[in-house]
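To start, the structure under review is shown below, and the notes come after it.
The values are calculated or read from the model by the stated rules, or taken from the named source; none is laboratory data. Not measured: the values here are computed from a predicted model. Heads up, the Cβs are rebuilt from the backbone with ideal geometry, glycines too, and the neighbour counts pull from every protein chain shown.
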Amino acid sequence: MTSLPPGLIMILAAALLPFIPHVWRQIYMIGAIVASAYGLTIGAGTHFVWSVLGYELILYKADHLSLPFAIIFHIAAALNVIYSWHDRNWQQHCASLSYAGAAIAALHAGDFVSLFVWWETTAVTSVFLILASNTERARSAAMRYLVFQVTSGVILLAGAAILASSTGNIEFTRMQLDSLASWLIFIAFGIKAAFPFLNGWLQDAYPEATATGTVALSAFTTKLAIYALARSFPGTELLIWIGAAMTALPVFFAVIENDLRRVLAFSLNNQLGFMVVAVGVGSELAINGAAAHAFVHILYKALLFMSMGAVLHQVGTVKASELGGLYRKMPFTMVCCIIGAMSISAFPLFSGFVAKSLTMSALGDTGMMWAYFVLLFASAGVLEHSGIKIPYFAFFAHDSKHETGEAPVGMRVAMGIAAFLCVTIGVFPSLLYDILPYAVDYHPYDAAHVSSQMQLLIFAMLAFVVLIRLRLYPPEIPSVVLNSDWFYRRLFPAIGSPFLRAVMLVWGSFLCQTRGYITAFQHILDRVMHSPIAGPTVSGRAVLIQGGLLSLLLLLLYVAA
Amino acid sequence: MSDQSKQQTALQRLGAKFTKTLLLISAVLFVGDFFIHRHGYSALEESFMFPAVFGFLAFLFIVQVGKWLRFAIMRKEDYYDD
């Protein structure tokens with residue numbers, strides 16, 4: 001049985017958006033997402049294959065691993081449509097619908113070439129969500145973002161090409177890190193998964209997108225990379241090291257970052273670390289953990305980005321140093337934000353708890369205690385920046401005197417749905433466990449587990465209270481925090497520009513010299529043209545040169561004959 | 001009393017309530033730890049009130065390192081604008 005790949009229908013539908021009036025456009029987009037989601041009901045198997053140049057391009061292949069990602073990608077796409085209900089311009093809707101469509105299509109790619117096509121499509125569609133901010137700062141961040149995303153795609157293509165020429169098999173499946181091709185593919189995935197030092201684009205670009213754009217961005221690209229890693233490199237021990245570093249390092253940056261959406265971007269990086277560790281462990285429980293974490297993470301991270309987007313939409317800034325005391329003016333947003341914060345901090349009865357428990361248990365089973373304790377430490381870090389800092393500085397702290405009200409209805413409805421899902425999954429984990437890649441026999445709610453987690457969180461919160469009461473908590477300062485993007489935004493230009501200047505100097509003098517020779521040659525030509533020894537004058541230099549070349553050719557042919 | 005200081009007092013009262021709730025929950029957790037056997041992956045993890053101590057210290061450590069990091073990697077807001 002053949003069927004169109006899910007997601008493709010959303011990309012095709014996006015082409016018509018400019019011609020549909022507002023509000024109908026939103027309903028139409030929901031319709032496209034539902035139609036695409038309906039395509040999932042066909043079930044596991046290979047449903048669409050296209051033979052090109054001797055290769056089988058598998059455009060629609062579904063299995064137990066792609067399913068949870070496909071479901072949550074559709075939910076995220078729909079939430080995004082609702083969240084941006086008030087936006088009358090078609091441009092951003094077009095970008096986010098086709099972006100979501102490309103990410104969903106990528107989940108169902110069965111070979112590296114079709115994966116590459118969708119991989120790049122997510123890059124070129126999503127960049128418009130950053131450009132839509134329409135500021136100079138956003139424009140340059142968007143260009144840096146695009147360079148990274150496209151580079152990732154090019155490296156993926158290089159890996160696929162080497163794979164095709166060496167093995168003739170481009171199937172998107174499990175591989176070992178033992179060849180140039182697999183390393184290239186690994187690095188391509190690593191750029192989009194924001195590995196340490198390859199992560200600059202994330203914290204650089206996401207907070208520059210529009211209030212609605214960041215919500216869409218936060219869902220797809222990075223989780224697509226997690227999915228790709230889970231498909232190709234499960235059980236690669238290197239990933240445990242990389243993932244552990246990803247969970248721990250952004251924690252320190254998030255403490256001092258002033259832009260709350262950038263704090264969330266650091267937090268996103270830290271969450272990806274948990275998923276990367278789970279993929280690195282690679283057991284059935286761990287892969288379930290990675291998929292479950294990705295699923296709930298998309299919901300609560302979108303919820304947090306939505307609440308900050310609502311603040312940005314209403315107040316015009318998300319800088320912690322300029323916010324505070326909004327709990328009375330935006331009570332609904334505040335409640336949603338706190339539900340998101342408790343979910344990401346993994347409080348029992350919230351979605352983060354039931355997902356993170358899987359990863360922690362799988363990691364504990366491996367006996368790698370150092371990694372286990374790093375992740376435990378990072379859990380306290382999550383509480384610090386996403387659990388406390390975000391709601392505290394936006395809605396409480398001190399009164400910032402902003403006169404404002406609640407966000408538009410669409411924004412509130414989307415936040416309400418996401419918050420409802422966060423709690424529902426937390427209370428009824430079997431809803432999530434039933435769609436995970438492997439059959440689950442896991443019970444997160446036992447007294448021991450719950451009390452351990454509550455101790456960790458409550459006493460970490462006490463530490464926060466102590467610091468605030470003693471006035472030892474660092475105040476928010478208007479500033480930028482240097483991240484790995486500093487290397488290519490400041491260090492490389494500082495070293496590179498004197499070098500480039502020297503190269504340009506040499507090149508310039510070379511051009512000057514050659515120009516002298518060319519002018520001399522032209523003078524000779526002119527003289528021949530204007531005062532021929534015999535016959536008519538020639539009408540132009542080009543004709544003369546052509547004549548000369550033809551004569552030369554004739555001469556050469558004579559010699560050859 | 002002006003609106004301003006009213007709002008400030010309301011925030012303080014909210015903070016005090018929050019602190020009291022936290023202390024109450026921590027007391028319950030403290031008592032609970034005498035009765036619940038927490039199974040961990042190492043002996044250290046199973047020791048009395050380990051997650052609580054770990055969480056408390058980790059939090060202080062993160063904030064302190066953050067403060068030090070400010071000297072190294074914090075720049076003015078217009079650092080990249082030129």
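Hey, can you tell me all the residues within region A:425-447 that are of a type in the set (V, I, T), part of a loop (DSSP other than H, G, I, E, B) and out of contact with any helix residue (DSSP H, G or I) (no Cβ under 6 Å at 6 or more places or on another chain)?
none
Quick one: how many residues across region A:190-228 are part of a helix (DSSP H, G or I), surrounded by fewer than 24 Cβ atoms within 10 Å (Cβ to Cβ) and not small (G, A, S)?
1
Give A:I33, A:I71, A:I9 a once-over and let me know the one that is at pLDDT below 95, assigned to a helix (DSSP H, G or I) and under 23 Å from the mean Cα position of the chain (by Cα).
A:I9
Tell me whether region A:450-464 contains one or more residues that are modelled with pLDDT of 90 or more, in the same structural domain as A:L375 (by TED's automatic domain parsing) and loosely packed, with under 14 Cβ neighbours inside 10 Å.
no
Condition check ((1) under 27 Å from A:R261 (Cβ atoms); (2) more than 13 Å from every other protein chain (Cβ to nearest Cβ); (3) touching a Pro at 6+ places or on another chain (Cβ under 8 Å); (4) touching a residue at least 24 places away in the same chain (Cβ under 8 Å)) across all residues:
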residue	(1), (2), (3), (4)
A:K389	yes, no, no, yes
A:D434	no, yes, no, no
A:P437	no, yes, yes, yes
A:A448	no, no, no, no
A:S452	no, no, yes, no
A:L462	no, no, no, no
A:I468	yes, no, no, no
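Here's a check for you: in region A:404-415, which residue that is surrounded by fewer than 15 Cβ atoms within 10 Å (Cβ to Cβ) and either of a type in the set (A, V, I, L, M, F, W, C) or under 15 Å from A:A302 (Cβ atoms) (or both) is nearest to the chain's Cα centre (by Cα)?
Among residues in region A:404-415 that are surrounded by fewer than 15 Cβ atoms within 10 Å (Cβ to Cβ) and either of a type in the set (A, V, I, L, M, F, W, C) or under 15 Å from A:A302 (Cβ atoms) (or both), the one nearest to the chain's Cα centre (by Cα) is A:V413.
Could you list, in sequence order, the residues of region A:351-371 that are aromatic (F, W, Y) and surrounded by 24 or more Cβ atoms within 10 Å (Cβ to Cβ)?
If the condition is that a residue be aromatic (F, W, Y) and surrounded by 24 or more Cβ atoms within 10 Å (Cβ to Cβ), then A:F353 is the only one that fits.
Check A:Y60, A:Y83 and return the single one that is buried (at least 24 other Cβ atoms within 10 Å of the Cβ) and in contact with a strand residue (DSSP E or B) (Cβ under 9 Å, 6 or more places away or on another chain).
The match here is A:Y60.
Do you know which residues across region A:309-344 are outside any helix (DSSP H, G or I) and out of contact with any strand residue (DSSP E or B) (no Cβ under 7 Å at 6 or more places or on another chain)?
Listed by number, the residues that qualify are A:G316, A:T317, A:L323, A:G324, A:G325, A:L326, A:Y327, A:R328, A:K329, A:M330.
Regarding B:A58, is this residue within 8 Å of another protein chain (Cβ to nearest Cβ) and touching a Ser or Thr at 6+ places or on another chain (Cβ under 8 Å)?
No; evaluated as a whole, the condition is false for this residue.
State which residue is farthest from the other protein chains (Cβ to nearest Cβ) when the search covers only region B:7-40 and only residues that are closer than 23 Å to A:Q453 by Cβ and in contact with a Phe, Trp or Tyr (Cβ under 7 Å, 6 or more places away or on another chain).
Only one residue tops the list, namely B:D33.
More than 22 Å from A:A76 (Cα to Cα), surrounded by 24 or more Cβ atoms within 10 Å (Cβ to Cβ) and modelled with pLDDT of 95 or more: which single residue out of A:V281, A:V374, A:V311 fits that description?
When all the criteria are applied, what remains is A:V281.
Residue check: is A:R490 loosely packed, with under 12 Cβ neighbours inside 10 Å and either among the basic types (K, R) or on the phi > 0 side of the Ramachandran plot (or both)?
no
Given (1) aliphatic (A, V, I, L, M); (2) under 18 Å from A:P474 (Cβ atoms); (3) in a helix (DSSP H, G or I), where does A:A397 come up short, assuming only one miss?
A:A397 satisfies all of (1) aliphatic (A, V, I, L, M); (2) under 18 Å from A:P474 (Cβ atoms); (3) in a helix (DSSP H, G or I) except (3).
A:F347: part of a loop (DSSP other than H, G, I, E, B), among the hydrophobic types (A, V, I, L, M, F, W, C) and touching a Phe, Trp or Tyr at 6+ places or on another chain (Cβ under 8 Å), yes or no?
yes
When you scan region A:416-434, do you find a residue that is touching an Asp or Glu at 6+ places or on another chain (Cβ under 7 Å), in the same structural domain as A:S321 (by TED's automatic domain parsing) and surrounded by 15 or more Cβ atoms within 10 Å (Cβ to Cβ), even just one?
no
Out of A:L511, A:L500, A:L525, A:L505, I need the residue that is in contact (Cβ under 8 Å) with a residue 12 or more places away in the chain and part of a helix (DSSP H, G or I). Which one?
Exactly one residue qualifies, and that residue is A:L525.
Could you check, for region A:25-37, whether at least one of its residues is more than 26 Å from A:L299 (Cβ to Cβ) and in contact (Cβ under 8 Å) with a residue 60 or more places away in the chain?
no
In region A:130-147, which residues are out of contact with any Leu (no Cβ under 6 Å at 6 or more places or on another chain), under 25 Å from A:H93 (Cβ atoms) and part of a helix (DSSP H, G or I)?
Selection gives A:I130, A:L131, A:E136, A:R137, A:A138, A:R139, A:S140, A:A141, A:M143, A:R144, A:Y145, A:L146.
For region A:226-280, which positions are among the acidic types (D, E) and free of Cβ contacts under 8 Å to residues at least 60 places away in the same chain?
A:E237, the sole residue that qualifies.
Looking only at region A:252-293, how many residues end up being among the aliphatic types (A, V, I, L, M), within 24 Å of A:M411 (Cβ to Cβ), out of contact with any Pro (no Cβ under 7 Å at 6 or more places or on another chain) and more than 14 Å from chain B (Cβ to nearest Cβ)?
Residues that pass the stated criteria total 3.
Residues being closer than 17 Å to A:L456 by Cα, surrounded by 11 or more Cβ atoms within 10 Å (Cβ to Cβ) and at pLDDT below 90: count how many of those fall in region B:6-50.
The number of residues fulfilling the criteria is 10.
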